Amino acid sequence: MAARETHARPTGARHEALGLHPDDLLEMYYHIALARAIDERMWVLQRAGLVPFVISGQGHEGAQVGVMWATDRTRDWLVPYYRQLAACLVRGMSARDLMLGLFAREGDPSSGGRQMPAHWADPRHRIMTTSSPVATQYLHAVGIAYAAKVRGTGELVVTSMGEGSTSQGDWHEAMNFAGVHRLPVVFMVENNRYAISVPTRLQMAVEDVAVRAAGYGFPGVVVDGSDVLACYEAGREAVRRARAGEGPTLIECKVERLTAHSSEDRQEKYRPTADLEAARSKDALVVFKHYLEQVGVLDEARYTEIYRRIRAEVNDATDYAEARPMPDAATVGRHVYAEE
Ligand SMILES: Cc1ncc(C[n+]2csc(CCOP(=O)(O)OP(=O)(O)O)c2C)c(N)n1
Ligand SMILES: [Mg+2]
């Protein structure tokens, strides 16, 4: 984290009540903007035929950065889902790491170039591998949280998924087990109102996923995912509860999916244009920038500097990953069959 150069006087602004320094806010904004820039570059590379597939975190970044900012990046765990590019950046993965995975190159920390894109993992940063069947990550998170509790390590686990995935039995089993054993886990649901083309009203008979937490004996809260500070505040309280042995919390962030489900989807087939336009007005990247300008933390010079840094990082990561070799063909059986 950058040295604290800013010494603004107290103004009664929301971030001050949360104990966030202006330099924290700038770092949070940088992570949101970097995630967006990497994601946008991924689409360009996919459309150019250089990489096979993209599934986007665009519209989810503010919620992820807000909640993750409340965790301890040296000891807590993340069991991510495919839209959590921004969460992985907060945990310490670099633009190069992410691009290595996209290009499936040697040295990709997620899988050594073996998994499809967006199946994030990084043992160096306690990011557990993302499984393709949705909702399995909640079970993995609960297993890690159970181990942390038994061992008394004081660690906690954050995991996340979309609202559609909460229809899976795995989700309910994980919620129940975590509630019974009061496990140190922060459950996120990133509710973007669609599961591919299926809208929420065809997926569940309640308005908010969060109400279901009551059935498992712990709190569920709804947060506006475009409000980064509100997400941070919810994350902080969930982390406090987990650390104090009070058990899990479910944080439902209402977010917007700003792209099609993936590069294999055409959302204009099922999503009205007005719906997408309304979503764009709830983009945390824009909303948070306005906040930072209002409280005098972000000015033209800082903004230009942040984007100069981001452009350089994304260009470097793209060139670096593209130039790396493919994994050695002789290692094709690694992690599948035992090696001599
Ligand atoms: C068990 C399982 N069923 C179906 C799929 C195919 N699938 C991948 S993503 C997805 C939609 C998930 O929607 P949601 O949980 O709302 O997450 P979002 O993509 O909207 O963030 C589906 C059905 C899968 N990967 N795993
Ligand atoms: Mg969804």
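The values are calculated or read from the model by the stated rules, or taken from the named source; none is laboratory data. Note that the coordinates shown come from a computational prediction; the quantities given were computed from them, not determined experimentally. Ideal geometry is used to build each Cβ from the backbone, glycine not excepted, and the neighbour counts take in all protein chains shown.
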remark   = Taking segment 95-116 and keeping only residues that are assigned to a helix (DSSP H, G or I) and under 18 Å from the mean Cα position of the chain (by Cα), one is left with A95, R96, D97, L98, M99, G101, L102
request  = Would you mind telling me which numbered condition in (1) among the small types (G, A, S); (2) within 16 Å of ligand 2 (Cβ to nearest atom); (3) more than 28 Å from H125 (Cα to Cα) S160 fails?
outcome  = (3)
message = Looking only at segment 288-340, filter to residues that are basic (K, R) and at pLDDT 95 or above; which one of those is nearest to D224 (Cα to Cα)?
response = K289
task = Please find, among V150, V134, the residue that is β-branched (V, I, T), in a helix (DSSP H, G or I) and closer than 22 Å to A178 by Cα.
result = V150
query = So is G235 at pLDDT 95 or above, closer than 19 Å to I32 by Cα and either buried (at least 17 other Cβ atoms within 10 Å of the Cβ) or touching a strand residue (DSSP E or B) at 6+ places or on another chain (Cβ under 6 Å) (or both) or not?
reply = yes
query = What is the number of the single condition among (1) free of Cβ contacts under 8 Å to residues at least 24 places away in the same chain; (2) away from ligand 1 (no atom under 16 Å from the Cβ) that L202 does not meet?
reply = (2)
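Counting only residues that are of a type in the set (K, R) and closer than 30 Å to V44 by Cα, how many does segment 316-340 have?
To start, the set of residues in segment 316-340 that are of a type in the set (K, R) comprises 324, 334.
Retained after the next criterion (residues that are closer than 30 Å to V44 by Cα): 324.
The total comes to 1.
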ask   = Taking the condition in a helix (DSSP H, G or I), among the polar types (S, T, N, Q) and surrounded by 20 or more Cβ atoms within 10 Å (Cβ to Cβ), does Q64 pass?
value = yes
Residue in segment 242-277 that is modelled with the lowest pLDDT, counting only those that are within 16 Å of ligand 2 (Cβ to nearest atom) and hydrophobic (A, V, I, L, M, F, W, C) = L276
ask   = Is it the case that segment 286-303 has a residue that's under 24 Å from the mean Cα position of the chain (by Cα), surrounded by 11 or more Cβ atoms within 10 Å (Cβ to Cβ), within 16 Å of ligand 1 (Cβ to nearest atom) and under 25 Å from A13 (Cα atoms)?
value = no
ask   = Tally time: how many residues in segment 158-192 are surrounded by 19 or more Cβ atoms within 10 Å (Cβ to Cβ) and among the charged types (D, E, K, R)?
value = 3
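What number of residues within segment 117-170 are of a type in the set (D, E), in contact (Cβ under 8 Å) with a residue 40 or more places away in the chain and within 12 Å of ligand 1 (Cβ to nearest atom)? Quick ask: steps written out before the conclusion?
The first filter runs over segment 117-170 and keeps only residues of a type in the set (D, E), leaving 122, 155, 163, 170.
Going one step further and asking which of them are in contact (Cβ under 8 Å) with a residue 40 or more places away in the chain, we end up with 155, 163.
Still in the running and within 12 Å of ligand 1 (Cβ to nearest atom): 163.
The number of residues fulfilling the criteria is 1.
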key: Test for E339: is it loosely packed, with under 11 Cβ neighbours inside 10 Å and either in a helix (DSSP H, G or I) or not aliphatic (A, V, I, L, M) (or both)   = yes
ask   = Out of all the residues in segment 194-206, is one or more closer than 12 Å to Y81 by Cβ, within 16 Å of ligand 2 (Cβ to nearest atom) and of a type in the set (S, T, N, Q)?
value = no
request  = Any residue in segment 76-88 that's among the small types (G, A, S): show its pairings with residues that are in a loop (DSSP other than H, G, I, E, B) at Cβ separation under 6 Å, as long as the two are six or more apart or on different chains.
outcome  = A86/G57; A87/P80
request  = Scan segment 199-219 and give yes if some residue there is among the basic types (K, R) and within 23 Å of D72 (Cβ to Cβ), otherwise no.
outcome  = no
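In segment 266-285, what count of residues is obtained for those that are free of Cβ contacts under 8 Å to residues at least 24 places away in the same chain and in a helix (DSSP H, G or I)? So that I can check it myself, show each step before the final result.
Residues of segment 266-285 that are free of Cβ contacts under 8 Å to residues at least 24 places away in the same chain, as a first pass: 266, 268, 272-278, 281.
Filter again for in a helix (DSSP H, G or I), leaving 268, 273-278.
Number satisfying all stated conditions: 7.
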request  = Go through segment 173-199 and give me each residue that's without any contact (Cβ under 8 Å) to a residue 60 or more places away in the chain and within 16 Å of ligand 1 (Cβ to nearest atom).
outcome  = E173, A174, A195, V198, P199
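Condition first: under 18 Å from L85 (Cα atoms), at pLDDT 95 or above and crowded, with 24+ Cβ neighbours inside 10 Å. Can you find one or more residues in segment 147-157 that meet it? Step through it out loud before you land on a result.
From segment 147-157, those under 18 Å from L85 (Cα atoms) are 157; that's our starting set.
Then keep just the ones that are at pLDDT 95 or above; that gives 157.
Now restrict to residues that are crowded, with 24+ Cβ neighbours inside 10 Å: 157.
Checked segment 147-157: at least one residue is under 18 Å from L85 (Cα atoms), at pLDDT 95 or above and crowded, with 24+ Cβ neighbours inside 10 Å.
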